[in-house]
Amino acid sequence: MFDRQNNRGQSPKDGTVMQGEEGWALQALSVARIVFYSIDCATGFMVRSDNCTDILGVPAAGPAAAWSTVIFAEDRPQYESAQASLTPASPSYEVEYRVQNTRTGKQFWALDRGAGEFDAEGRLTGIRGAIIDVSARISVERELRKAARLRTVVFEAARMAAWHFDVVADRFTFTDELLALLEIDRKQFDGTPEALESAIHPDDREAWRRSHDRARTPGNRIEVEFRLTVPGPRVRWLLSRGEVVRRVDGAPLESFGVMIDITERKAAEEAAARLAAIVESSEEAIIAKTLRGVVTSWNKGAERLFGYTAEEMIGESIWKLIPEDGEHEEINILNTVRIGQSVPSHESVRLHRSGRRIHLAVSVSPILNAQGMVVGASTIARDVTERKRQTELLRENEARMRLALKSARAGAWNFDLRRRELHWSPEMFALYGLDPAKGLPSREQLAQRISPSHRRKARKDFAKAMLQGGSFTLEFPILRPDGTEIWTALAGDVIKDERGRPVSARGIDQDITERKTWEKRQAMLLRELSHRVKNTLAVVQSVARQTLRSSSSPKNFVDAFEGRIRSLAASHSLLTEADWGGARMETIIRHQVAAMVHDYDGRFRLKGPEVLLSAEVATQLGLVLHELGTNAAKYGSLSVPEGHVDVVWTATKSKLCLMWREHGGPKLEKKPAFKGFGTLLITSSAQKVTQRFLEDGLIYKLEFAL
């Protein structure tokens with residue numbers, strides 16, 4: 001390339017001119033930042049133009065291998081590969097790499113263009129070429145690529161594309177992004193307005209035409225929203241914005257602009273419109289407020305619930321609705337929302353315009369701005385005053401029902417026939433003597449509680465009731481864990497589905513032990529009554545017969561017989577009042593003799609322990625007392641005003657000893673010889689009888705077996 005053996009700048013004709021031309025060429029190379037070089041492959045020596053020192057910071061001549069050290073290590077393989085690729089068939093190369101000025105440290109991009117020289121046998125003998133500084137071009141290309149990439153990223157991120165319309169040619173041109181938005185193949189798009197309109201929804205084509213006709217009329221801006229006809233059920237909305245370019249005389253030349261995919265915005269607008277409609281028409285009160293409690297929105301539901309109109313409440317404080325005892329709750333709500341947390345639905349109290357307290361179900365959520373910051377709170381309130389009243393009524397009814405069940409010693413139950421699940425009220429645990437903490441017993445465990453003698457029948461009757469449906473009642477005894485036995489009455493209804501299949505049963509289980517005991521006692525009393533009636537009739541028959549024998553006249557018979565029947569009736573009346581459980585000694589005495597005197601408490605003196613006599617002994621003793629009293633009233637101490645009777649008794653577990661002693665009666669001249677039926681009745685009723693006649697009255701000592 002350069003012959004350094006010759007004197008530089010000499011010329012056989014005009015050395016001055018040659019020196020000037022060479023200097024101008026070197027100056028031009030320096031300005032263009034181009035370095036020429038020549039490599040002798042045989043010696044490995046490289047010669048460069050003189051400006052290489054300024055541009056590259058290396059000497060003009062030196063070993064060719066030293067040049068590689070100037071090239072960036074990452075780019076060096078490309079340079080070496082390019083030189084190695086030289087052949088007679090491919091005698092040149094072009095490669096770009098980065099280099100660094102060894103003196104200044106400045107980095108730049110170099111374009112290396114070289115050509116190989118070959119001998120007759122095709123061997124590489126030398127390389128001549130130029131190194132050109134292309135940093136400016138590379139920088140521009142990078143910026144262009146960056147700008148193109150940035151545009152692509154921006155367009156893709158914003159779902160936006162550019163368009164151009166040539167008014168004269170009546171043609172559209174688009175970027176690839178717009179064709180992607182329109183879902184049009186570039187090969188199938190001829191650029192005519194008709195081709196574009198075919199992609200627009202038929203209902204929006206007229207609006208599109210009117211908008212772009214403005215390019216031919218006064219005005220410089222174009223803006224229109226329209227839908228696209230795209231495959232499937234999707235709807236895509238686009239916003240087209242453009243500017244019109246006109247000539248000096250105002251005639252339109254062209255228009256250009258962008259199309260933006262606003263599908264999400266439209267969806268958000270539609271959702272917001274729907275939400276606004278829902279909020280406005282909602283029966284619930286929906287209120288928005290700032291974090292300081294200032295109302296910013298107030299729907300119709302809030303107007304109906306609180307009595308204030310939107311005009312009266314928007315801009316006012318929410319504290320108008322808060323009762324004094326609810327201020328702390330509202331502060332907690334605002335503090336919770338302020339940190340971005342929602343307040344779940346809970347019951348609270350607010351004030352109506354009239355001052356009336358309203359029971360509400362309230363839930364509160366934070367309102368966020370576009371940056372995700374909490375700027376307010378949204379409150380949804382529902383009037384639960386009536387529900388709360390119904391709940392209270394239900395609670396009261398349940399309490400009354402539980403009280404009724406407890407009073408009736410009963411419990412409620414529900415049996416799901418499909419799931420085979422049994423549910424009990426708490427009273428059922430008490431009825432069966434079970435611990436609620438241990439949970440419900442299984443059906444098998446319940447079956448084991450039924451008395452063995454009734455278990456099979458009870459299970460059979462229950463299965464039959466479930467199959468037949470309707471109402472049913474079962475009675476059976478159960479054994480409690482503590483060993484006691486009670487009778488229960490299981491009463492319920494079977495519920496069927498629409499196909500008539502039993503699906504569940506429900507009812508109550510009641511303790512009927514007392515009723516069963518009473519029924520048993522009643523049966524026993526009936527048997528006892530039957531027995532006693534027979535005995536009484538026998539006694540009456542005997543009394544009638546013996547009275548008749550001992551009576552001197554019909555009148556005497558009637559008087560004696562009626563008295564003895566009254567005595568017997570009094571004893572029966574007394575025993576009936578006590579359910580034939582027996583009678584007390586003092587009560588028997590009063591019932592038999594009190595009617596015979598005017599001053600019972602003054603004429604009778606009683607002394608003895610409290611004794612409960614059986615029905616049989618009470619009946620016998622009653623007849624004896626009647627006879628003793630009748631005799632005393634006719635002949636003894638009760639026949640005169642100053643007479644009285646002492647009745648004294650003692651009792652053991654097996655024996656009753658009674659003494660009847662009369663005082664102050666008529667004096668007896670001698671012991672009566674006649675013994676009537678009364679005496680016979682007395683002596684036959686008691687186990688042992690002792691009779692004594694004293695001057696002032698009669699003494700009877702009697703013993704009865706208990």
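The values are calculated or read from the model by the stated rules, or taken from the named source; none is laboratory data. If you're wondering where the values come from, they're calculated on a predicted model, not measured in any experiment. Note: ideal-geometry Cβ built from the backbone for every residue, glycine included; neighbour counts use all protein chains shown. For the accessible areas, the whole protein counts, side chains as well, though only heavy atoms, and no ligand, DNA or RNA atoms are used. Shrake-Rupley method; radii C 1.70, N 1.55, O 1.52, S 1.80 Å.
Rounded if a/c is under 1.5, else prolate if a/b is larger than b/c, else oblate: which is region 89-135, with a ≥ b ≥ c the root eigenvalues of its Cα gyration tensor? Judged from the Cα gyration tensor, region 89-135 comes out prolate (a/c at least 1.5, a/b above b/c). For region 308-319, the Karplus equation 6.51 cos²θ - 1.76 cosθ + 1.60, evaluated at θ = phi - 60°, returns couplings of 9, 7, 4, 4, 7, 9, 5, x, 8, 7, 5, 5 Hz by residue, with Gly and Pro reported as x. Phi angles across region 460-465 convert, under the Karplus curve 6.51 cos²θ - 1.76 cosθ + 1.60 with θ = phi - 60°, into 3J(HN,Hα) values of 5, 5, 5, 4, 5, 5 Hz, Gly and Pro given as x. Put a dot 7 Å past the Cα of Arg456, heading toward its Cβ, do the same for Thr87, and the two dots end up 11.0 nm apart. Listed by chain and number, the aspartates and glutamates whose C-alpha is less than 14 Å from the C-alpha of Lys667, apart from same-chain residues fewer than 8 away, are Glu642, Glu695, Asp696. Placing dummy labels 7 Å off each Cα toward the beta-carbon, the span from Gln100 to Met373 is 4.7 nm. Scalar couplings 3J(HN,Hα) for region 114-127, obtained by applying the Karplus form with A = 6.51, B = -1.76, C = 1.60 to θ = phi - 60°, are x, 9, x, 10, 10, 8, 5, 8, x, 8, 6, 10, x, 9 Hz; x denotes Gly and Pro.
Going by the alpha-carbon gyration tensor, a ≥ b ≥ c the square roots of its eigenvalues, is region 252-401 rounded (a/c under 1.5) or, if a/c is not under 1.5, prolate (a/b greater than b/c) versus oblate? Prolate shape, in that a/c is at least 1.5 and a/b is the bigger ratio. Computed about its Cα centre, the charge dipole of region 288-337 is approximately 260 debye, with only Lys, Arg, Asp and Glu carrying charge at their Cβ.
Per residue, the accessible area of region 390-518 comes to 64 Å² when a 1.4 Å probe rolls over the protein heavy atoms.
Around the amide H of Val384, modelled in the peptide plane, lie the amide H atoms of His359, Leu360, Ala361, all under 5 Å away and 5 or more residues distant in sequence or on another chain.
Quickly work out the Ala268-to-Asp166 label distance, labels modelled 7 Å from Cα along the C-beta direction, and quote it in nm with one decimal. With each label placed 7 Å out from Cα toward Cβ, I get 3.9 nm. Pairs exceeding a 19 Å alpha-carbon distance, out of Lys655/Lys701; Lys607/Lys634; Lys520/Lys655; Lys266/Lys289: Lys607/Lys634; Lys520/Lys655; Lys266/Lys289.
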